[in-house]
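Worksheet for the structure shown next.
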Amino acid sequence: MGTKTLRPTIPCFLFGCADLCDRARVPFTTRASKKSLRSMKGLCLTLEPATVMEADVHKMSVPLENGSLAPVDRLRSERSDSPTPGLVEGTEPGAGQDSAMFVHAQSFEDLTAEGEQGQEQEEVQEEEEGESERAPEFGELGDSEETQEPEGKEEQEQEERENEKEEEDQSGSGRAKEEDVNSEAWRRHRKHVFVLSEAGKPIYSRYGTEEALSSTMGVMMALVSFVEAEKNIIRSIHADGYKVVFLRKSPLVLVGVSRCRQSERELTRELLYIYYQIISLLTLTQLNHIFQHKQNYDLRRLLAGSEHLTDNLLRLLDRDPGLLLSAVTCLPLASSSRDVISSSLQAAKAKSLVFSILLAGSRLVTLVRKKDQFLHHMDLHLLFNLVGSSSSFREGEGWTPICLPKFNMAGFFHAHISYLEPASELCLILVSTDREDFFNLSDCKRRFLERLRRRSSYQALQEAVQAPSYPVSQVGIPELRHFVYKSKSSGLYTSPEIPVPYKCEEEEERLMDLYQYLHSRMHHPTRPLRSIYHCAEKENLLAYVTSGFELYLCFSPLGTKALAVSAVNKLLKWIRKEEDRLFILNPQTY
């Protein structure tokens with residue numbers, strides 16, 4: 001399988017439907033013929049009303065015996081006392097001591113490989129193997145790079161961010177769907193996401209109504225079909241500062257359009273999240289069944305009322321480092337208290353119970369799993385999004401079917417979701433394989449609360465929830481403003497509370513944009529880096545990746561590269577000292 005770049009004349013649906021953009025670069029994978037593309041034939045864009053009856057999509061349960069995803073056993077039994085940056089995976093600060101809690105994801109490349117096929121997958125694996133062989137000491141700064149922010153670029157991006165925020169405030173957060181798709185305001189959005197069926201039927205749009213965008217989505221599907229006429233696959237279009245990324249997941253097509261500095265691979269990962277969000281509501285089996293019987297079925301009939309889940313997930317992708325790093329952050333809590341909470345959950349079990357998850361807002365308190373059953377980060381993020389997108393779970397005990405697509409796309413789990421107290425941020429999720437098990441799981445919650453309230457750890461937990469996250473000043477590095485540290489073997493990350501310079505929403509998103517930019521440079525598909533030092537106008541940043549961890553640091557503009565390099569060892573020593581509080585080192589099982 002080879003890759004080539006053609007320069008056809010393409011209808012530029014993003015920058016004016018009447019225009020032609022012959023400057024677009026269209027990379028796509030060639031499987032066989034190298035002949036020029038034929039004109040489009042037989043493309044079905046009919047939008048006639050669907051008449052198929054909706055099936056009861058919630059009757060399918062997950063066959064547990066086929067859902068086990070065992071992690072790669074790469075955890076070391078001995079832990080290193082020295083937090084040297086060259087630590088291998090399993091000995092870095094924050095690594096679990098006993099067993100893995102999540103499905104093992106070796107790297108960012110592993111999570112994006114499923115969007116690629118054949119030879120490209122093999123090339124990615126070869127690159128990862130090469131990286132593990134040449135892991136250098138930090139002092140050597142192998143495969144490193146130093147970059148300077150172009151003058152004026154940051155102000156331009158900040159102005160675009162503020163304009164977009166002002167327009168959203170004026171129209172209201174729930175009114176984005178009513179935007180005029182022909183207006184300049186709609187075009188100025190920094191990132192669009194579209195979902196359509198293979199028949200060109202609109203399913204979802206981040207901004208504007210699907211009806212108003214039906215012709216635009218038809219053009220998108222025409223581009224995909226035009227390229228596939230010769231068994232090619234369109235991956236992306238690059239033109240005038242825009243990236244248009246296509247993800248074909250039959251029977252759906254997802255398209256992302258971005259003016260951000262994210263890489264094509266990262267945009268593809270975000271489209272995967274949206275795809276899995278849809279699968280979590282329907283299952284892949286049901287989705288395929290629907291479109292096999294009616295190719296131009298209007299999927300919005302089944303997804304009606306769930307748009308807020310996708311909207312909120314896109315907001316998380318813009319702001320949450322966990323989704324960028326494929327990791328989860330924990331509530332800072334003394335290990336003794338966390339162990340008591342975990343043992344209380346462990347004792348309150350039921351036969352059909354697979355996962356017991358306690359959340360504090362968007363932070364994980366503890367997770368207890370059935371032995372030999374593992375949860376994937378993407379599935380946990382989808383559960384986080386489900387809880388965070390709906391206030392109805394505060395009104396009582398919720399019972400909802402949910403497919404965990406990275407565990408098993410074919411069937412539903414059933415989740416008992418409730419808050420420990422109405423005004424609390426503590427939310428308990430009990431995931432079962434039995435759709436009739438609501439009352440048993442309700443009893444599990446009651447037994448867990450009774451046991452927990454008799455312990456002093458419950459008071460410690462409530463105090464930890466009410467307290468803000470730790471300030472970066474605790475680390476003791478004067479010029480350090482913020483950092484994000486991920487332990488690769490545990491799949492957990494930690495970061496301090498957002499400091500004053502980034503407290504407002506626009507500045508927080510700008511900081512996240514910088515982290516996304518560094519992440520895309522570090523995980524470049526053809527030239528991955530071990531470290532990068534980036535000088536921006538308002539801050540300096542350092543990113544560093546080893547086989548054991550990923551680390552992103554933000555310093556004041558007065559900081560120097562020498563200071564940044566020396567800060568790494570100091571920060572790692574502090575994380576090692578605090579790891580019992582910041583990470584779950586001893587995950588429990590039933």
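Just so you know, in segment 469-491 the residues that are part of a helix (DSSP H, G or I) and either of a type in the set (A, V, I, L, M, F, W, C) or in contact with a helix residue (DSSP H, G or I) (Cβ under 6 Å, 6 or more places away or on another chain) (or both) include one that is surrounded by the most Cβ atoms within 10 Å (Cβ to Cβ), and it is Val472. Within segment 293-326, being in contact (Cβ under 8 Å) with a residue 12 or more places away in the chain and closer than 16 Å to Ser197 by Cβ holds for His293, Lys294, Gln295, Asn296, Tyr297, Asp298, Leu299, Arg300, Arg301, Leu302, Leu303, Thr310. Within the set Thr560, Thr526, Thr589, Thr494, the sole residue that is closer than 30 Å to Ser457 by Cα and surrounded by fewer than 18 Cβ atoms within 10 Å (Cβ to Cβ) turns out to be Thr589. Within segment 521-546, the only residue that satisfies the criterion of being at pLDDT 95 or above, of a type outside the set (A, V, I, L, M) and either within 22 Å of Glu264 (Cβ to Cβ) or not assigned by TED's automatic domain parsing to the domain that holds Pro501 (or both) is His534. If you take the residues in segment 211-235 that are surrounded by 20 or more Cβ atoms within 10 Å (Cβ to Cβ) and touching a helix residue (DSSP H, G or I) at 6+ places or on another chain (Cβ under 8 Å), which one is nearest to Tyr273 (Cα to Cα)? The extreme case among them is Arg235.
Taking His519 as the residue in question, decide whether it is buried (at least 17 other Cβ atoms within 10 Å of the Cβ), touching a residue at least 60 places away in the same chain (Cβ under 8 Å) and farther than 30 Å from Ala347 by Cα.
yes
Could you pull out every one of the strands (runs of 3 or more DSSP E) wholly within segment 188-301 that has 3 or more residues that are on the phi < 0 side of the Ramachandran plot and in the same structural domain as Phe407 (by TED's automatic domain parsing)? Filter on segment 188-301 gives an empty set. Scanning segment 337-345 turns up no residue that is in a loop (DSSP other than H, G, I, E, B) and closer than 22 Å to Leu426 by Cβ. Only one of the listed residues (Val500, Val484) is over 20 Å from the mean Cα position of the chain (by Cα), in the same structural domain as Leu572 (by TED's automatic domain parsing) and not hydroxyl-bearing (Ser, Thr, Tyr). That residue is Val500. Summed over segment 322-336, residues that are surrounded by 21 or more Cβ atoms within 10 Å (Cβ to Cβ) and assigned to a helix (DSSP H, G or I) total 4. Restricting segment 563-586 to residues that are farther than 19 Å from Pro471 by Cα and in contact (Cβ under 8 Å) with a residue 12 or more places away in the chain leaves a set whose member that is surrounded by the most Cβ atoms within 10 Å (Cβ to Cβ) is Ile584.
Looking at Leu359, Leu345, just one residue is in contact with a Ser or Thr (Cβ under 7 Å, 6 or more places away or on another chain), closer than 28 Å to Lys577 by Cβ and assigned by TED's automatic domain parsing to the domain that holds Pro422, and that residue is Leu345. Scanning segment 523-542 finds one or more residues that are of a type in the set (A, V, I, L, M), over 30 Å from Ser337 (Cβ atoms) and either in a helix (DSSP H, G or I) or free of Cβ contacts under 8 Å to residues at least 60 places away in the same chain (or both).
The values are calculated or read from the model by the stated rules, or taken from the named source; none is laboratory data. Note that the structure is predicted; figures quoted are calculated from it, not measured. Glycine gets a Cβ as well: all are built from the backbone with ideal geometry, and neighbour counts include every protein chain shown.
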